[in-house]
């Protein structure tokens, strides 16, 4: 996904070009002081800038794409090192993306298993 490649380069603006203006983002694994749900590209930009500024070379490496009808589920390895803390993050999770008109309209990050992500996609959550 080109949006993921742009995010990994630290190009938040390019990554956001692939999102609908009213897209929704839900982070099930959200960190402290981070909202669980945000709506709109401006809010997503703010969350992503907070993420990328807190880490050196924060990356989300996609290991697998799973077709789940109107949803694409990604098996993702998120990793990075905290800029100030030195804390190492290395987390594997499943992230789900819903599309309309070629743009992401909803992203849910942080499912703990493939089955959990697939079940949520079936329910539309």
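All of the numbers you see were taken from the coordinates with simple rules; none came from a lab. It should be emphasised that the depicted structure is a prediction, and the values quoted were computed from it without experimental measurement. Neighbour counts are summed over all protein chains in view; Cβ atoms, including those assigned to glycine, are modelled from backbone coordinates with ideal geometry.
Remarks
- Cα shape, region 65-125, gyration tensor, a/c 1.5 rule: prolate
- Among 59-68, 75-84, the order from most to least packed when residues are scored by Cβ within 10 Å on average: 75-84, 59-68
- Normalised contact order of the chain, rounded percent, pairs of Cα under 8 Å and 6 or more residues apart: 22 percent
- Exposure proxy for 39, 85: other Cβ atoms within 10 Å of each Cβ, ordered fewest to most, give 85, 39.
- Computed from Cα positions, the angle between helix 114-123 and the longest principal axis of the chain comes to roughly 50 degrees.
- Three-way shape label, region 1-61, alpha-carbon gyration tensor, a/c 1.5: oblate
- Shape category assigned to region 29-87 from the gyration tensor of Cα positions, a/c cut at 1.5: oblate
- Mean residue ellipticity at 222 nm, helices only, the chain: -8000 deg cm²/dmol; runs of at least 4 DSSP H residues each add -39,500 (n - 2.57), and the sum is divided by the number of residues.
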